[in-house]
Amino acid sequence: MDSGAGESSAADEYESLMSTTDAELLKSAWRNEKAAPEILKFDADLVQRSRQQIQLMEEMVDEFNKNGVDPLTVSLYQMDLDRTMFLLRSYLRTRLQKIEKYVFHVEKTVELWNRLSKQEQKFARRCAGDLKHHLEQSALSKLPDQYQSHLRQSAASEDDDMIPEPQLDIYVVCRSKRYLGAFQLDDGGEEPVNIEADDLYALPYKSIKPLVESGQIDLV
Amino acid sequence: MYARKASELVKEFASSEPGQLSTFNNDLFAQVLEECEGHLLHLQPLMRKIQEHENKLKDKRRSEDEVEISEDERRKSEAEKVILQTALKSDQFGALVHHLSLVRNKRCLMAYIYNRAEVIRSLGWMVDSVLPAEIEEKLSSTEKEYFKNHVATLQSYMSELDLHLTVDMVPPKDPYIKVRVLDDIGEVALSDQVANLARHAIMFLRRTDAEQYITQGGQKQRMLRFQYSLDI
C-alpha cells in the first residue's frame, strides 16, 4: 500500500514519506489516543481513508486467492490487513471506552463534545441516558428530593460538583519528531525543558496538551 | 457513627478483585438508604427551627430599631438575642452534620453503583449481549437492565459504522492461531478451507474465523479455546 514510497532516492525523504502514510498516521493517532487521559479530536478523514484501504486490501487478497498466487505472499498481505484492521478497531474502541468512562463530563464540555464524530455523539448521548436512568433507578429516586441530581451532590451545590473527570496532570511519555527548543512547563518555577528530536520525555499531560493537539509531539 | 455503613459499601467494592464483581449488596445498600431517610427526618425540623429563630431575631432587631427603649429593657433584649443566637447556631450545626452525612452517603452510594457500572460496561466488551449465569446472578435488577441497554447502545453504534468492534481484542501476531475444539461443531466452511471441527481436535485456523466461535462463548458453552488459553 505504500510501495510507491520505496522508489525515492534520498533515505530521509523516504523516511518522511513513510511517516505520512495513512498506516503510520493511524498508528500514531491510535498511540496518542491510548496514552492521553482525555479524548482527542476524531480524525474523520483518516478513518475514512483507512476503511477504504482496508476494503481495497480485502479485495486484493481475495483476488490473489482466486488467481493462485503464492500462499506466503497472500499470508503476508493478510497479516498487514489484519494489523490495519486491529489498529482501526482498537482506535475506535479506545475512544468509546473513554466516552463511556467520562460520559457526563464529555457531554457537558462543549470543547470535548465537538471532538467526537457524529456516531460517537449519538453513542455518548444514549450512553449518558442509560447511565442516568440506571443511577436514578438504583439510588437517586430513593433519596430525598434535594439530593436527587446525578450531577450535583445536593441542591445546595452551586455547580455540578459530582462529575468524574479525567486526570489531566498525570505524566505521559512522549517523543517529538523535530527539535522544539526550550519548552516552558506551565506549573512555573521550573527550568524550561529542551525538547530534542527523537528523545523520550516524561512530562505532565496538561502542559504538553497544545503540542499533542497540534501534532508536534507524539505520545508513546 | 454516621455514614459508616456507606463507607463499608465502598470498601467492599474497593477490596474486590479489580474487574470482577461481587454480589450486589442489597441489604447494606438498603440500610444506607434508610440512614439517608433518617437524616432527612432530623434535618427537616432543624431547618424549620432555624427559620423560626431567624425570623424571631429579625423581629427583635426591627422592634429595637423602631421604638425607643430603656437601658434595662435593652439589656434584657440583648440577653434574649444571645440565647436565640446560640440556639440558632446549635441548630445550624446540627443541620450541617446531617446534611454532610447525607451528601457523604449519597456519594458513597453513587460511587458504589458507578464503579460497578464501569465493570458491567467492560463486560459488554467481552461477551456478546448475554451474560453468563454466574455473573448475572451477582447483579441487581437495575444493573441487568443497564447492561442490556448499554449493549444495545454499543450495538447500534457498531451497526451504524458497519464495523464489528468486539473482535480483535489482542493485537494480531500471526494470521493463524492454534485452537482446541471444545464441542463437536462438525464440517464448517471457513474462509480458506473446509474444516472438520471435531471435539478435542487441535488445529490452526484463521484468526478471523476462529474468533467468532470463541466469542460465542457467552451464549452457550465456549466452542473453541485458544490453546494458550488467552481467552476470558
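The values are calculated or read from the model by the stated rules, or taken from the named source; none is laboratory data. Since the model is a prediction, treat every value here as computed from it, not as a measurement. Heads up, the Cβs are rebuilt from the backbone with ideal geometry, glycines too, and the neighbour counts pull from every protein chain shown. We work out accessible area using only protein heavy atoms, side chains counted, and drop any ligands, DNA or RNA first. Shrake-Rupley method; radii C 1.70, N 1.55, O 1.52, S 1.80 Å.
In this structure, is B:S159 farther than 16 Å from B:N26 by Cα and surrounded by fewer than 17 Cβ atoms within 10 Å (Cβ to Cβ)?
The answer is yes for B:S159.
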Check: What tally of residues in segment B:106-131 results from selecting those that are in contact with a Ser or Thr (Cβ under 9 Å, 6 or more places away or on another chain), assigned to a helix (DSSP H, G or I) and more than 21 Å from B:T23 (Cβ to Cβ)?
Finding: 2
Next item on the list: Please state which one of A:S154, A:S176 is farther than 14 Å from B:M110 by Cβ and free of Cβ contacts under 8 Å to residues at least 60 places away in the same chain.
Entry: A:S176
Checklist line | Scan of segment B:170-208 for residues that are at pLDDT 75 or above and either within 20 Å of B:L123 (Cβ to Cβ) or among the aromatic types (F, W, Y) (or both), ordered by number | finding: B:F204
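Just to check your reading of the model, which residue among B:E134, B:E145 is assigned to a helix (DSSP H, G or I), touching a helix residue (DSSP H, G or I) at 6+ places or on another chain (Cβ under 8 Å) and either more than 8 Å from chain A (Cβ to nearest Cβ) or of a type outside the set (G, A, S) (or both)?
Checking each option against the conditions leaves just B:E145.
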Notebook entry, point to check: Given A:D145, A:D198, A:D160, which one is open to solvent by 40 Å² or more (accessible area, probe 1.4 Å) and over 30 Å from B:L33 (Cβ atoms)?
Noted result: A:D198
Item checked: Checking A:E120 against (1) in contact with an Asp or Glu (Cβ under 9 Å, 6 or more places away or on another chain); (2) touching a residue at least 60 places away in the same chain (Cβ under 8 Å), the condition it does not meet -> (1)
Next item on the list: Looking at (1) more than 7 Å from chain A (Cβ to nearest Cβ); (2) open to solvent by 10 Å² or more (accessible area, probe 1.4 Å), find the lone condition where B:R116 falls short.
Entry: (2)
Next item on the list: May I ask you to say which residue of A:F42, A:F86 is not charged (D, E, K, R) and not in a helix (DSSP H, G or I)?
Entry: A:F42
Next item on the list: Given the conditions (1) assigned to a helix (DSSP H, G or I); (2) surrounded by fewer than 17 Cβ atoms within 10 Å (Cβ to Cβ), report the number of the one that A:Q78 does not fulfil.
Entry: (2)
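Matching residues to (1) without any contact (Cβ under 8 Å) to a residue 40 or more places away in the chain; (2) out of contact with any Ser or Thr (no Cβ under 8 Å at 6 or more places or on another chain); (3) surrounded by fewer than 16 Cβ atoms within 10 Å (Cβ to Cβ); (4) more than 14 Å from chain A (Cβ to nearest Cβ):
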position	(1), (2), (3), (4)
B:L9	no, yes, no, no
B:S22	no, no, yes, yes
B:A30	yes, yes, yes, no
B:C36	no, yes, no, no
B:H39	no, no, no, no
B:Q44	yes, yes, yes, no
B:R48	yes, yes, yes, yes
Next item on the list: Check segment A:63-73 and report whether any residue there is under 30 Å from A:Q119 (Cβ atoms), in a helix (DSSP H, G or I) and either more than 9 Å from every other protein chain (Cβ to nearest Cβ) or not acidic (D, E) (or both).
Entry: no
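Regarding B:A87, is this residue free of Cβ contacts under 8 Å to residues at least 12 places away in the same chain, more than 15 Å from the chain's Cα centre (by Cα) and open to solvent by less than 60 Å² (accessible area, probe 1.4 Å)?
No; evaluated as a whole, the condition is false for this residue.
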Next item on the list: Within segment B:5-19, identify whether any single residue is assigned to a loop (DSSP other than H, G, I, E, B), of a type in the set (S, T, Y) and in contact with a helix residue (DSSP H, G or I) (Cβ under 7 Å, 6 or more places away or on another chain), and answer yes or no.
Entry: no
Check: Quick check: is even one residue across segment B:50-57 over 30 Å from B:W125 (Cα atoms) and within 14 Å of chain A (Cβ to nearest Cβ)?
Finding: yes
Note to self: When you check B:S70 against the structure, is it farther than 30 Å from B:I135 by Cβ, hydroxyl-bearing (S, T, Y) and surrounded by 13 or more Cβ atoms within 10 Å (Cβ to Cβ), yes or no?
What the structure shows: no
